[in-house]
1. Which members of the range B:112-162 meet the condition of being under 29 Å from the mean Cα position of the chain (by Cα), part of a loop (DSSP other than H, G, I, E, B) and under 19 Å from B:Glu179 (Cβ atoms)?
2. Take the range B:112-128 and flag every residue that is within 13 Å of chain A (Cβ to nearest Cβ) and either open to solvent by 80 Å² or more (accessible area, probe 1.4 Å) or farther than 23 Å from A:Gly188 by Cα (or both).
3. Does the range A:131-140 contain at least one residue that is open to solvent by less than 70 Å² (accessible area, probe 1.4 Å), assigned to a helix (DSSP H, G or I), more than 14 Å from chain B (Cβ to nearest Cβ) and touching a residue at least 12 places away in the same chain (Cβ under 8 Å)?
4. Can you say whether B:Gly58 is away from chain A (no Cβ under 14 Å) and more than 26 Å from B:Pro219 (Cα to Cα), as far as the supplied structure shows?
5. All but one of (1) part of a helix (DSSP H, G or I); (2) open to solvent by less than 50 Å² (accessible area, probe 1.4 Å); (3) within 11 Å of chain A (Cβ to nearest Cβ) hold for B:Asp109, so report the exception by its number.
6. Quick one: how many residues across the range A:15-39 are open to solvent by 70 Å² or more (accessible area, probe 1.4 Å) and modelled with pLDDT of 90 or more?
7. Since B:Leu85 meets every condition but one in (1) surrounded by fewer than 20 Cβ atoms within 10 Å (Cβ to Cβ); (2) of a type in the set (A, V, I, L, M, F, W, C); (3) on the phi > 0 side of the Ramachandran plot, which condition does it not meet?
8. Can A:Pro225 be described as more than 17 Å from A:Tyr271 (Cα to Cα) and of a type outside the set (Gly, Ala, Ser)?
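The values are calculated or read from the model by the stated rules, or taken from the named source; none is laboratory data. Source: prediction; values computed, not measured. Here the Cβ positions follow ideal geometry from the backbone for every residue, glycine too, while neighbour counts run over all protein chains shown. Side chains included, ligands, DNA and RNA excluded: accessible areas come from the protein's heavy atoms. Shrake-Rupley method; radii C 1.70, N 1.55, O 1.52, S 1.80 Å.
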Amino acid sequence: MSVIKSKNKNLIYPGLLWLFIFFLLPLSVILIYAVTAHDLVPGESLKFTFSNFAVIFQKKHYLIILLRSLKISFLTTIFSIIFSYPVAYFLAKRTKFDKVLIVVLMIPFWINYLIRTFAWKLILSENGVLNQLLLWLKVIDEPVRVLYSQTSVLLGLIYMYTPMMVLPLYASLLRIDNSLVEASQDLGASRIRAFFDITFKLSLTGIFAGTLLVFIPALGSFAIPAILGGTDSVMIGNIIENQFSRVGNWNFGSAFTVALAVLSIALVLFYSKIFGLESIYKNKGNT
Amino acid sequence: MNYIVCAEDISKSYGSILAVDKVSFTVREGEFFSLLGPSGCGKTTILRILGGFIEQDGGTVSIDGKDMKGIPPNRRDTAMVFQNLALFPHMDVRENIVYGLRKRKFPADRIREELNSILEIVDLKGFETRRISELSGGQQQRVALARSLIVKPKILLLDEPLASLDKKLRVSMQGELKEIQKRIGTTFLYVTHDQGEALTMSDNIAVMNKGVIIQMGTPDSIYNCPWNIFTADFIGAGNFIPVISVEKENHMFVLKTEDRGRIFLRDDFKKDCRDFPGVKKIQGPESSGVKDKTALPVFFIRPEKIKITTKPQRNKNLFNGKVKAIIFEGPDIRLEVVSNTLGKIKIEVKNDGSLPGLKENDNLLFHWDYIDGILLEY
């Protein structure tokens, strides 16, 4: 392995070039836009300013949207954990067909997510599948309005990102040796106690990884709130998208993008500090 | 006699494979009892049935006089040391060891007391806050032992706990295990495929093959008086000489080998063997799992029973042979000799300077007493 690595160092350059053109270059353009007031025009000098960022924090409107985005992403993460745990547990511990079932679980990903989001529109609309079913079951007397609300956005996000939670959770559960659970029971723990002492605690690594995979994309999502949401469910992603494609204020859009990225990174760092691998496997000095 | 474990006719099958076939045995309180057999012989299945991790298909298990049917592991007076140790990776040494006491809701000061005394027994003082991954193999072993012993089980079940250690550490852990067992007096039920391990530590051994116990008894009875070819072959080394005819003259069996060799064997050898002190009677059919009853009987003798001599001996089985290989093992020297009448013979002699100048292809005389060796039938 090391021989292959050391003898083919040149093979790294195409990769680096790729990263530079498609990752670093656009990112720097965004960074430059975020700290200037005008479009980038060749021959014109750049004027450095923080005013774009100042706007974000001055307008209460944006703050509300920011908090709403955090709330929706947080709820998405919580529900995705709740929904994916039984699935991941079943796949890892209770079936021999887990490899096949995971492929089945991934089938929806073969379909474009916009189409899947529009499908939710059909389910949730006033004469959609959900309302028809509830009316038929006589649970409700008249159609309820679910679509174009925060609830529908939340449903859409949970639907979209739960598989992202299932996979790391499944992987972490798979790694837990059954003999650990047996040892726990052998030493006097009931089945439920053994589950929480051993299985759940050791699966926190998977929940941790899954949370990053769900929370961060959910925080930056714009298509789902745009399609399923109403006026009360605009998220950060929608503002950014709006600035670029409709308002045409790239500077402000870039500033908001950078702010979202910084917020995400800060949350990840903070989160790793509290719930990271270290804290699961560290010595806690309580007897 | 106080039996702590009584297993009667226990059977277990996985699908169409019969893992344990009507096995019965008893273990006395305070005994070091080993289940010995090759992998797949059903010994671990028996241990897991006793621990309550799997339910037997048939038969009964009682521990300390109570029928264990339907009782889950957490309500049995057993504790298990797992083959992979199963130490909790997210807890430190102390948390691992006191886990059982916490589940039993012991008060904090009792837990501290018990922890201190068990740390002393397994010699792990000062390691309380170490992570499991920071311990050596032997230390992990002792944590696993302490974690199981601290709950004061009636029976400690050990599933090849030393299998993962290197040889030197394994031997020293064998001594430690035996010593701890003597000191605290807990009944140990030990599963192993390593015959040396079973011989050194056990008070009693049950040799298993293909889901049945084929011989039970003290280590020396198992070693010196195997009842069948499987036990003889599985435990220690030996010479197996096929016999084509058995005749009886006075108080002597005369065994003829394929190459017209004649071996004399006193007719009381077998009686002697079965009444060997420590031999346990097995209920049910004695079977080595070998189906072919028409096979020839075999004369079996341990390599260390054969002596080398320079002058002919009277009233002994005396043969000559040619040395094919000399293997020096430090305290012992193993010889491979080919005899015209017996075939290949393994001889083991002490390295006491009695073989000066012996080389390969030398001829030598060897002999053994009429009472030594066993006639084994399938």
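1. Within the range B:112-162, B:Val122, B:Asp123, B:Leu124, B:Ile150, B:Lys152, B:Pro153, B:Pro161, B:Leu162 qualify.
2. Result: B:Arg112, B:Glu113, B:Phe127.
3. Residues of the range A:131-140 that are open to solvent by less than 70 Å² (accessible area, probe 1.4 Å), as a first pass: A:131, A:134-135, A:140.
Then keep just the ones that are assigned to a helix (DSSP H, G or I); that gives A:131, A:134-135.
Among the residues that remain, those that are also more than 14 Å from chain B (Cβ to nearest Cβ) are: A:131, A:134-135.
Add one more test, that the residue is touching a residue at least 12 places away in the same chain (Cβ under 8 Å), and what stays is A:131.
Yes; the residues of the range A:131-140 include at least one that is open to solvent by less than 70 Å² (accessible area, probe 1.4 Å), assigned to a helix (DSSP H, G or I), more than 14 Å from chain B (Cβ to nearest Cβ) and touching a residue at least 12 places away in the same chain (Cβ under 8 Å).
4. Numbers: away from chain A (no Cβ under 14 Å): yes; more than 26 Å from B:Pro219 (Cα to Cα): yes.
Against the criterion (away from chain A (no Cβ under 14 Å) and more than 26 Å from B:Pro219 (Cα to Cα)), B:Gly58 qualifies.
5. (2)
6. Residues of the range A:15-39 that are open to solvent by 70 Å² or more (accessible area, probe 1.4 Å), as a first pass: A:16-25, A:27, A:31, A:38-39.
This time we only want the ones that are modelled with pLDDT of 90 or more, so: A:16-25, A:27, A:31.
Here the count works out to 12.
7. So B:Leu85 meets the others, but not (1).
8. Values: more than 17 Å from A:Tyr271 (Cα to Cα): yes; of a type outside the set (Gly, Ala, Ser): yes.
In short, yes.
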